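The structure appears right after this line, and notes come after that.
The values are calculated or read from the model by the stated rules, or taken from the named source; none is laboratory data. As the structure is a computational prediction, the values presented were derived from the model and not from experiment. Don't worry about glycine lacking a Cβ; one is built from the backbone with ideal geometry, like all the others, and counts go over all protein chains shown.
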Amino acid sequence: MEPSISPTRTRTGLVALLLVLAFVLGNLTGRVAPPLQARALPEAQEPPEFGIFWEAWDIVVDHFVDREKIDYRQMTYGAIRGMLATLGDEGHTALLTPEELELHRTGLEGRFEGIGAYVAMEDGQIKIVSPIAGSPAEAAGLLPGDVVLAVDGEEVQGLSLNQVIFRIRGPAGTQVTLTVLHPDAEEPVDVVITRQRIVLDSVTWTRIPGTPIAYIHISQFTADTGQELERALQALQRSQDSQGPVRGILLDLRNNPGGYLREAIRVSSQFLPRGATILIEEDASKERRYYTARGVGLARELPLVVLVNPGTASAGEITAGALLENGRAPLVGQTTFGTGTVLNQFNLSDGSAILLGVTNWLTPNGQRIKGQGVTPTVQVEQPASTPLVDARRLAGADLRELARLPDRQFIVALEMLQRELGLTPITRLGLGRRTPRPPAMRLH
C-alpha cells in the first residue's frame, strides 16, 4: 500500500522534512553519500516564519471547494520542492519520491528501465537529442529534434527536465505514450513505446576512420566508469590499422550528467600527470580539500581534445575543468551546465529523500563550477537537438560522411587534432563544407 500523509497537522513530521537542511553531516567523496536520516527541532525552536506555512495549510484544508482534489502527500512534496527551489541549486538539490529515488539509484549504476533516449531542455521545450542505438525509442521512430509535448496525455509545459524524464521512465514491459512534434511537421503525433531494461556501457570508443585518432565517449560517471576507461585505453594501445597506432584522442563529455566523484578522479588520472590537482572541494565554512591524480595513467602523453556542452554537468565538469586548467587539453563546444556540488542523500520517513548540495567543487585554479560552468577554449554553438556522433555511427563512416556531419563541434575538435598531428583537416580535402579555423594553439 502506498504511504500516505495524514491531513492532521503533525508538526514534528513536517518540521523533519522542512528543516532537514540544517543537519548536513559527513565529508563526502562521492556524488551521493550514504543516506542520512532527518531530525526535527523541538516545536519551541521553530523559526517564527514557519507559522505562515501552517496558516496556508489550514486555509486550503478548511476552505478549498474541490475537496476531492486535495492530496496531502502532493501538498507536502510541493512545499518541500518550493523550499529547495529557493536555494538556487537547480538540477542538483532535489526531492525525490520513493519511485524517483529508485530510478535515480539504478541510473547511477548504468542501468534503468525506460525508452532509451537522450533528451534536453531547449528554449523551454523538451527535445529528443537522439535515441540510443537499438533502443525502444529508436524502434518506435523517435527522431532527433522531436519536441515532447505530453507524456501519457499530460502536457509537460512548465515541468523541469528531470520531472519529464521521471514520467517517461517506468518498469520494463509497460507502455508510455509520447505526444511529439517531429521536425518540419505541422501536427503532433502520438508515439506508443514499450519500455525495456536499458543497460549502458558508460565508456564507448572507436577509431575515427581514415585517421590515427580515437574517439572516446563517456556518457556518465557510473560505478564502473574508471575500469571501463582503463579497458578502452588498453584496447586503444593495441589498436592498429592502415593509419598505424592511435596518435591522438578526442574525448566526448557532452550530455554527461555526472555521477560519482571517485570515477571522475579515476578518469582524470588516466590523462593527467601524477600529483596534478583535479579539483578542490570547499564546504560551507570555506574549508578546502584537494584531490590529485594518482596511479599509472595510460594516456598522459597522447594529444587530447575534449568536447563539452550545456549537458555536461557535475563530475563531467570536474573532468573537463581539470584537463583544461592543467594545460592538458583544450575544450571545444559550449559552456557546461554549472552544477559542481557534492550531494548528500537524506532519507525521509515515507521512503522519499532529499538530495542536498553540501560542498562545492572548484576547478584546480579555484574557480567555482556551480552557477557558471566551465567555459570551453573554442566556442562552437549548436542547438541541443543536433544529432551528436557516437562510436557506432563513426565506426561505419568514411571521410566524406564525416565531413558532412551536422555535429560541427565534433568536426572542429577533430580538425584541431588533425592539425596538431600534421594531418590535413577533413574539410580541406574537398569532401564537405568548410568550418571556421579555430585559433592556433599547442595541444599537450
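Brief remarks on what is shown
- Condition check for GLY295: more than 16 Å from the chain's Cα centre (by Cα), within 19 Å of ALA223 (Cα to Cα), surrounded by fewer than 21 Cβ atoms within 10 Å (Cβ to Cβ) and of a type outside the set (Phe, Trp, Tyr): yes
- All of (1) modelled with pLDDT under 85; (2) touching a Phe, Trp or Tyr at 6+ places or on another chain (Cβ under 9 Å); (3) closer than 18 Å to VAL192 by Cβ hold for ARG169 with one exception: (1).
To keep it simple, each residue is scored yes or no on (1) at pLDDT 95 or above; (2) farther than 30 Å from ALA79 by Cβ; (3) surrounded by 24 or more Cβ atoms within 10 Å (Cβ to Cβ).
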position	(1), (2), (3)
GLY338	no, no, no
ASN347	no, no, no
LEU355	no, no, no
SER385	no, yes, no
VAL389	no, yes, yes
ARG393	no, yes, no
PRO406	no, yes, no
GLN409	yes, yes, yes
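- The condition of being closer than 26 Å to LEU405 by Cβ, buried (at least 16 other Cβ atoms within 10 Å of the Cβ) and of a type in the set (Ser, Thr, Tyr) holds for only one of SER202, SER160, that being SER202.
- Among the residues here, PRO209 does not qualify as within 20 Å of VAL151 (Cβ to Cβ), of a type outside the set (Ser, Thr, Tyr) and part of a loop (DSSP other than H, G, I, E, B).
Let's see how each residue does on (1) within 22 Å of VAL389 (Cα to Cα); (2) surrounded by fewer than 15 Cβ atoms within 10 Å (Cβ to Cβ); (3) among the small types (Gly, Ala, Ser); (4) within 15 Å of the chain's Cα centre (by Cα):
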| position | (1), (2), (3), (4) |
| --- | --- |
| ASP71 | no, yes, no, no |
| ALA85 | no, yes, yes, no |
| LEU96 | no, no, no, no |
| GLU100 | no, no, no, no |
| MET121 | yes, no, no, yes |
| LEU143 | yes, no, no, no |
| VAL151 | no, no, no, no |
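- Residue in region 44-61 that is surrounded by the most Cβ atoms within 10 Å (Cβ to Cβ), counting only those that are among the acidic types (Asp, Glu) and not in a helix (DSSP H, G or I): GLU46
- Checking each residue in region 259-301 for being among the aromatic types (Phe, Trp, Tyr) and in a loop (DSSP other than H, G, I, E, B) picks out TYR260, PHE271.
- Meets criteria (buried (at least 21 other Cβ atoms within 10 Å of the Cβ), more than 25 Å from the chain's Cα centre (by Cα) and hydrophobic (A, V, I, L, M, F, W, C)) for ILE193: no
- Here GLN382, GLN372, GLN367 are screened, and the one residue that is of a type outside the set (Lys, Arg) and either touching a Lys or Arg at 6+ places or on another chain (Cβ under 7 Å) or not assigned by TED's automatic domain parsing to the domain that holds ILE280 (or both) is GLN382.
- Residues in region 246-258 that are part of a loop (DSSP other than H, G, I, E, B) and in contact with a helix residue (DSSP H, G or I) (Cβ under 8 Å, 6 or more places away or on another chain) were compared, and the one that is modelled with the lowest pLDDT is PRO257.
- Meets criteria (farther than 27 Å from THR93 by Cβ, among the hydrophobic types (A, V, I, L, M, F, W, C) and out of contact with any Phe, Trp or Tyr (no Cβ under 8 Å at 6 or more places or on another chain)) for VAL180: yes
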